[in-house]
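To start, the structure under review is shown below, and the notes come after it.
The values are calculated or read from the model by the stated rules, or taken from the named source; none is laboratory data. Computed from a prediction, not measured in an experiment: that's the story for all the values here. Glycine also receives a Cβ, built like all others from the backbone with ideal geometry; neighbour counts cover every protein chain displayed. Just so you know, the surface numbers come from the protein's heavy atoms only, side chains and all, with ligands and any DNA or RNA stripped out. Shrake-Rupley method; radii C 1.70, N 1.55, O 1.52, S 1.80 Å.
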Amino acid sequence: RLLSLFQFPFGRRLPCDIYWHGVSFHDNDIFSGQVNKFPGMTEMVRKITLSRAVRTMQDLFPLEYNFYPRSWILPEEFSLFVDEVRMMKDGDPSWKPTFIVKPDGGCQGDGIYLIKDPSDIRLTGSIQSRPAVVQEYICKPLLVDKLKFDIRLYVLLKSLEPLEIYIAKDGLSRFCTEPYQEPTLKNLHQVFMHLTNYSLNIHSGNFIHSDNVNTGSKRTFSSILCRLSSKGADVKKLWSDIISLVIKTIIALTPELKVYYQSDIPAGKPGPTCFQILGFDILLMKNLKPMLLEVNANPSMRIEHEQELSPGVFENVPSPVDEEVKVAVIRDTLRLVDPQKKKR
Ligand code: ADP
């Protein structure tokens, strides 16, 4: 069936079946149809709010929610952080942890650094103006070709009530560009070894743009699964762990998302329904346990990357890996939210 797409850079004039907003839920003049953002989602997945929401559930269901690293919110929990780490070290002198400090509202690895001891936190004046999350650093990630990588999975939250969640079968694996070593005081600052962000590693001389989907610095997740499976790993179990991580994370966000929803789109008043594509960033530990790193409310859907033709001259070229994964995500999302299908 035909799909008519209109862009309204200066504000909308026509009612639509589906509204596709670039950043967040912001148009209060929509009385029907579906919007691709939930009110409050951007706020809920910020580092501090997400940490708080998951931690509330960790307190209630510690075993169910052990897929999220132990975290503290700065500056308010700085002394709690210091005390708890000291207690844990006293209890187990062989525990030699590393911590990762991430400014709230940051993205693309911005402002992130690793420390060995709470006293290394840069508690300068700026920490007051820039709150952060500090969390236990996962020291033993699964490596492929000696490199650390993380997984970006696309999740469609189709409805909050009833809760309907779809997880895309393929995602992206984003690789570091320096061989991984467990953190030591000497290598803590080596971002190309410890941080998997595309936006950082692209600047390393070692970044490899691949023109197929199973080599290079960005690959499909399915290519990793194939490799793991050929080595005898239990890929079915891994998928079921990932699915449960995704569902439990969304459940942790749901109570507050419902409050936002009620306030922006009160029941009984004409308004749109919402859906949203979320980007889940997941790290696999060496033992194949998936750990949640963060949730992105506005994941990039770019299927091109920039290439420097000559110094200072850039051109957008197609990225087959992004295209393979993201086109399917958008296509399946549109099929799932198809208003005609709803009527039928
Ligand atoms: P950003 O929004 O800036 O990308 P992330 O929370 O995704 O922040 O962290 C950036 C990168 O740091 C991740 O992609 C991952 O490679 C690494 N990282 C983050 N948290 C941890 C952790 N607890 N243990 C190990 N590595 C981590």
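Couple of notes before you dig in:
- Using a simple spin-label model with pseudo-atoms 7 Å out from Cα toward Cβ, Phe314 and Ser79 lie 4.7 nm apart.
- Semi-axis lengths, Å, the chain, gyration tensor of Cα atoms, sqrt of 5 times eigenvalues: 34, 26, 20
- Long-range HN-HN contacts of Ser159 with modeled amide H, under 5 Å: Glu164
- Rh by Kirkwood over Cα pairs, then Stokes-Einstein D for segment 7-145 at 0.890 mPa s and 25 °C, µm²/s: 136 µm²/s
- Kirkwood hydrodynamic radius of segment 244-307, Cα pairs, Å: 14.7 Å
- Sorting the segments 45-55, 210-220, 147-157 by their residues' average number of neighbouring beta-carbon atoms within 10 angstrom, most packed first, yields 147-157, 45-55, 210-220.
- A 1.4 Å probe run over the protein chains yields, for the chain, 53 Å² of accessible area per residue, whole-number rounding.
- The rule of thumb for compact globular proteins, 2.2 N^0.38 Å, goes into the C-alpha radius of gyration of segment 70-137 1.09 times.
- In this calculation the C-beta distance from Leu185 to Gln7 is compared with R0 = 45 Å, giving a FRET efficiency of 0.30.
- Axis of helix 78-91 versus longest Cα principal axis of the chain: the two differ by about 50°, to the nearest ten degrees.
- Karplus 3J(HN,Hα) series, Hz, for segment 227-238 with 6.51 cos²θ - 1.76 cosθ + 1.60 (x for Gly, Pro): 5, 5, 5, 5, 9, x, 6, 7, 5, 4, 5, 4
- Computed from the C-beta positions of Lys269 and Leu14, the FRET efficiency with R₀ = 30 Å rounds to 0.90.
- Nearest-0.05 FRET efficiency for Glu323 and Arg52, computed from C-beta distance (R0 35 Å): 0.45
- Packing rank of 228-235, 198-205, 68-75, where each peptide gets the mean count of other beta carbons within 10 Å, highest leading: 68-75, 198-205, 228-235
- Relative contact order, percent, the chain [alpha-carbon distance under 8 Å, six or more residues apart]: 21 percent
- When the C-alpha to C-alpha distance is required to be over 31 Å, the pairs from Lys140/Lys326; Lys116/Lys237; Lys96/Lys169 that qualify are Lys116/Lys237; Lys96/Lys169.
- Between helix 320-337 and the chain: long-axis angle, C-alpha atoms, 0 to 90°, nearest 10: 50 degrees
- Listed by chain and number, the aspartates and glutamates whose alpha-carbon sits under 13 Å from that of Lys248, ignoring those within fewer than 8 places in the same chain, are Glu64, Glu164.
- Of the solvent-accessible surface of the chain, computed with a 1.4 Å probe and all protein chains present, 55% belongs to carbon and sulfur.
- Sequentially through segment 268-284, phi angles give Karplus couplings (6.51, -1.76, 1.60; θ = phi - 60°) of x, 9, x, x, x, 9, 10, 9, 7, 8, 10, x, 9, 9, 10, 10, 8 Hz, Gly and Pro residues having no value and appearing as x.
- Rel. contact order, % - alpha carbon contacts under 8 angstrom, at least six apart, segment 70-137: 47 percent
- A crude spin-label estimate for the pair Lys140 and Arg302, with each label 7 Å from Cα along the Cβ direction, gives 3.7 nm.
- The chain, helix-only ellipticity at 222 nm - DSSP H runs n ≥ 4, -39,500 (n - 2.57), divided by all residues, nearest 500: -9500 deg cm²/dmol
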